[in-house]
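Throughout, read-outs are computed from the coordinates displayed, never taken from laboratory work. Quantities reported herein were computed from a predicted structural model and do not represent experimental measurements. Note that we place each Cβ from the backbone using ideal geometry, even for glycine, and neighbour counts take in every protein chain shown.
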């Protein structure tokens, strides 16, 4: 059974803290993604990675960075958390292929910055 | 840049009836994939159905089917015989078939099933 696991379901952090959101997949997928989900705005892509040590900015990378040192793990880093980063964060992975693939999602991390 | 638009923020349907969720997209690519994902309340996002752009035949998965109109850049989802378990947020998504495999999502449609 395929699995994408996010380290925390709920997280409360203080403004200015450095925050790490971890995501691990067990499917040997090349592609990994971090999305932010807000009501009325859908899913917005923060960063994605198509290989170890490779990363690409998505639509809203400001205030975030990522790390992918191993194929199975993709970390999202909030360098200095702010209240406007309070949101649901979704990690996903997919197999790179010239054929049709689907993304598998983690359960999400609901982050509150106070 | 590619965009995905879902014009219906919320919809309701009576149990056992049929409902259609709309999605339009914009791209200059000729080869791409389209998806519908479902996110039940407090549960993980899962794939409902997918379509390859080069295939003219509309995809079907049990009670779920799509109406793919490539020229119009339209990709609607039809749910037949709606069930209470179909209540969820539904997201339309696009992915170009190239090395840059980012997936672009619409804003979602919240579907309510009325008993």
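Counting only other chain Cβ atoms within 10 Å of each residue's Cβ, the peptide B:34-46 averages 3. Using C-alpha pairs below 8 Å separated by at least 6 residues, the relative contact order for chain B is 37 percent.
Under the criterion of Cα pairs below 8 Å and six or more residues apart, the relative contact order for chain A equals 36 percent.
Evaluated at q = 0.13, 0.16, 0.24, 0.25 Å⁻¹, a Debye calculation over the C-alpha positions of segment B:26-82 (equal weights, vacuum) places log10 I(q)/I(0) at -0.36, -0.53, -1.00, -1.05.
What number do you get for chain B when its Cα radius of gyration is normalised by 2.2 N^0.38 Å, N = residues? List each step's numbers first, then the result.
Details: Rg = 13.7 Å, N = 115, 2.2 N^0.38 = 13.4 Å.
Ratio of Cα Rg to 2.2 N^0.38 Å: 1.03.
Over all Cα atoms in the protein assembly as shown, the spread is summed up by Rg and Dmax: 17.5, 52 Å. Set the Förster radius R0 to 45 Å, insert the Cβ-Cβ distance between residue B:61 and residue A:80 as r into 1/(1 + (r/R0)^6), and round the FRET efficiency to 0.05. That pair, residue B:61 with residue A:80, gives E of 0.55. Sorting the segments A:48-59, A:10-21 by their mean number of nearby beta carbons within 10 angstrom, highest to lowest, gives A:48-59, A:10-21. Counting Cβ atoms of other protein chains within 10 Å of each residue's Cβ and taking the mean over peptide A:104-111 gives 3. Taking the square roots of 5 times each eigenvalue of the Cα gyration tensor of chain A, largest first, gives ellipsoid semi-axes of 23, 14, 13 Å. Compactness ratio for segment B:1-62: Cα radius of gyration over 2.2 N^0.38 Å (N = residue count) comes to 1.30.
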